[in-house]
Amino acid sequence: MTESFTPLLTTTDWNAEWMQLQKARRHRDSAVYWNERAKTFTSKDYPNPYVNSFLERAGVAPEESVFDMGCGTGALALPLGEAGHAVTAADFSEGMLSILRGELEARGIKSVHCEQMSWEDDWEEHGIAPKSHDVCTASRSIAVDDMRAALLKLTMVARRRVCITLPTGASPRTDDHVIEALGLASRVGRDHLYAVNILSSMGFEPELTYIKSSRHDTFETFDDALRKYDDMVRKACALLPETRTQIALSKLKPWLEAQIVENEDAGKPGERGIPQGALRLREPRTITWAFIAWNVD
């Protein structure tokens, strides 16, 4: 059971509060978890509006090299490689990298090098030296206990610019509709604020814009949907007392019953090329990502 902690967002030591917040949250997903998740991932939906928005804001110049930390199956690495950039794509999940390598081979992309490593590893031991890449990116991948250390690592590797995205709500796996309906909106995390304030305290001038993306979740049965949303609510309540969690969960089933409808596109390929389920939510989930960039030169 995690200890109760309420992030105040009024601290003078943003990284200390971030580290306290991570202790209170449920443990982040391991490489083993992501290796299993990789079995349901493809690269067939790339590029997409989110990727296009990220790359447009990143402004990688022709012939610049890129270090992409937490690359997953290649959301950024594939279009960057196709554009001719030299890319080092790093991830701690061999399952994700295996899919990326297959896609690189299928597309004939030779300029992307894959490296299996984590945020906590010694990057220089993996050949990632200081000032070795023009631009560093970390798209939806910063899940660390020490935010300041992660931001410093990216800054050390970059010659010119660093670009990251962080969630503005509880989690990218969380539906804001249910969070608001269950009265949890005021208690969710705001990860991007920690990064912006840590960077500012380090003397950088972080640029902040927002990228909105939509997800269309589908389910085979109502029970499937209920299980997913039960887990979602429990994770959103990770910082709350158990009594508060149970109150929120008691409202979940009636809310979900009112939101689930038949999916007219059942069986057709979904966002990852996987057949859609028989049921869907009335409204897609909208996720707001904070795009944060800073120049290091």
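When Gly102, Gly108 are checked against the criterion of being without any contact (Cβ under 8 Å) to a residue 12 or more places away in the chain, surrounded by 13 or more Cβ atoms within 10 Å (Cβ to Cβ) and among the small types (Gly, Ala, Ser), Gly102 stands alone in meeting it. Selection over segment 196-218 of residues that are of a type in the set (Gly, Ala, Ser) and surrounded by 14 or more Cβ atoms within 10 Å (Cβ to Cβ) gives a count of 1. Considering segment 88-115, and only residues there that are of a type in the set (Ser, Thr, Tyr) and outside any helix (DSSP H, G or I), the residue that is nearest to the chain's Cα centre (by Cα) turns out to be Ser93. Hey, among Ser171, Ser186, Ser141, Ser118, which residue is assigned to a loop (DSSP other than H, G, I, E, B), modelled with pLDDT under 95 and either among the β-branched types (Val, Ile, Thr) or farther than 18 Å from Arg285 by Cα (or both)? Only one candidate qualifies: Ser141.
Of all residues in segment 124-138, those satisfying the criterion of being touching a residue at least 24 places away in the same chain (Cβ under 8 Å) and either assigned to a strand (DSSP E or B) or of a type in the set (Asp, Glu) (or both) are His133, Asp134, Val135, Cys136, Thr137, Ala138. Taken over segment 154-168, the criterion of being under 21 Å from Asn15 (Cα atoms) and either modelled with pLDDT of 95 or more or assigned to a helix (DSSP H, G or I) (or both) is satisfied by Leu154, Thr155, Met156, Val157, Val162, Cys163, Ile164, Thr165, Leu166.
The set of residues from segment 56-95 being modelled with pLDDT under 95, surrounded by fewer than 24 Cβ atoms within 10 Å (Cβ to Cβ), touching a Phe, Trp or Tyr at 6+ places or on another chain (Cβ under 8 Å) and not small (Gly, Ala, Ser) comprises just one member, Phe92.
The values are calculated or read from the model by the stated rules, or taken from the named source; none is laboratory data. Values in this document were obtained by computation on a predicted structure and should not be read as measured data. Please note: Cβ atoms are built from the backbone with ideal geometry, for glycine as well, and neighbour counts cover all protein chains shown.
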